[in-house]
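Bear in mind these aren't lab numbers, they're just calculated from the coordinates by the rules spelled out. Every value quoted in this text rests on a predicted model; they were computed, and no experiment measured them. Counting neighbours? That spans all protein chains shown, and the Cβs are built from the backbone with ideal geometry, glycine included.
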Amino acid sequence: MSRYDKVDLAYEFLVAKEKETETFTIAQLAEATGWSKGTCSTYPSKRWHQYVAKDGTQFSSSGISYLSKEEFRSVHSQKLQKTEDFSTKGILVHKAKEFALLAVSTYNNPYTEFKTYGFIVNIVIAYTSLFHAIFEKRGSNYFHLDEDGEPIFIDGEEKAWELSECCDAFWQGETNAEKANVKFLIGLRNKIEHRSLPAIDLAVCGECQSALSNFETLLVEEFGDDHALTASLAIAMQLTRISEQAQVDSLKQLQRENYKVVREYMETYRNDLNDDIVQSQKYRIRAFLVPKLGNHAKSSDIAVEFLNVNNLSNEEIENYEQGVAFIKGIENPFKLKPSKVVELVEKKIKGFNMTLHTKCWKFYEARPREVEADFKGEYSSFIEGFDHYLYSMKWAKFLIKELKNKQKMAEVKAQAI
């Protein structure tokens with residue numbers, strides 16, 4: 001008989017009870033596994049304490065069904081049990097995880113008004129501690145030195161690198177989505193630190209989610225699966241929809257003067273990134289939730305699944321793209337003022353100015369010449385709240401492509417104002 005035979009029987013017993021959402025007694029566990037009642041009574045509170053809860057004489061399991069049989073064997077043999085690590089590295093890893101969970105807790109709290117700022121402040125601390133732990137593990141110096149190579153002290157403590165410096169040191173010379181994501185959040189934190197701007201939550205929720213996902217990936221890659229945050233987190237409950245009026249109200253707020261600095265920072269930062277980074281899920285997660293229909297009405301499979309698009313069939317990809325096309329209607333693409341369009345185009349087409357832009361929208365009929373409150377075209381739309389026309393990035397890219405043709409440029413310049 002293998003030394004794992006009874007452990008495997010316990011695994012099958014606990015998984016079955018979990019799937020049926022049934023409680024069990026020590027006597028039932030002993031009968032199913034062949035262990036004595038005395039032996040069985042110690043495991044739930046000792047080796048399986050993360051997965052088994054007690055209510056009087058009844059027990060219930062939660063989470064064991066997500067473990068493989070081999071993983072449960074490791075849990076049972078206590079190979080995955082957490083041990084205290086009081087080294088500098090261990091303390092930094094613990095701090096990183098604590099602040100990452102605090103960031104999520106702040107963001108998911110329905111009573112928190114300033115979700116984005118609370119999340120960013122905590123995730124920045126989490127990332128900084130994680131990088132310091134990585135450098136500590138590698139034996140790399142991550143402290144500021146003076147001209148003589150001596151440590152710089154602040155309040156009696158050596159001055160360690162801030163997050164931006166950590167990113168540059170960790171991703172030396174690299175330009176990738178993970179680095180761009182962290183740098184964006186650092187800059188955004190600096191912009192909103194002294195401003196009351198809850199309306200930006202909808203605009204940057206994708207970057208916040210990517211930051212968390214990237215954090216856990218880096219944490220696990222550097223320190224192992226037993227440090228994963230997954231066991232401590234769940235999918236945040238969402239309202240079934242965000243009303244169109246709520247989106248309009250948020251857009252109106254973003255157009256107000258006190259949002260100008262933050263809005264311009266967000267637009268400029270994103271526009272300066274290359275398309276591969278902007279489209280990467282590691283920079284900004286774009287997701288939509290749809291009801292999942294199980295194969296059976298009483299099936300007990302996972303309610304939320306993350307699918308890798310690369311593993312989908314051609315038919316599934318087609319359905320996915322149709323769904324994305326439908327959901328994209330939620331995000332308003334018309335965000336650029338004429339002055340912003342001029343700024344973007346002028347970087348590629350020297351001499352482009354506001355007069356030339358006016359000639360362009362008239363030449364290409366990008367928008368009506370008069371105010372039409374219900375107008376929404378391919379490149380421009382009348383925006384309620386802003387009470388004028390705004391343009392899309394597609395319009396700016398279209399102009400750059402068109403005006404590189406000298407003949408087309410001449411035709412546009414000949415357009416009457």
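Here is how the numbers come out for the structure above:
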quantity: Difference of contour (0.36 nm per residue) and Cα-Cα distance, residue 155 to residue 39; calculated: 36.4 nm
quantity: Simple label model, 7 Å out from Cα along Cβ direction - residue 148 to residue 264, nm; calculated: 4.5
quantity: Placed amide H near residue 49: partners under 5 Å, 5+ positions off or other chain; calculated: none
quantity: Using alpha carbons only: equivalent-ellipsoid semi-axes of the stretch 12-168, gyration tensor based, whole Å; calculated: 45, 21, 12
quantity: Gain upon complete extension [residue 74, residue 400; 0.36 nm per residue less C-alpha separation]; calculated: 111.5 nm
quantity: The stretch 108-226: Rg to Rh, with Rh as the Kirkwood radius over Cα pairs; calculated: 1.01
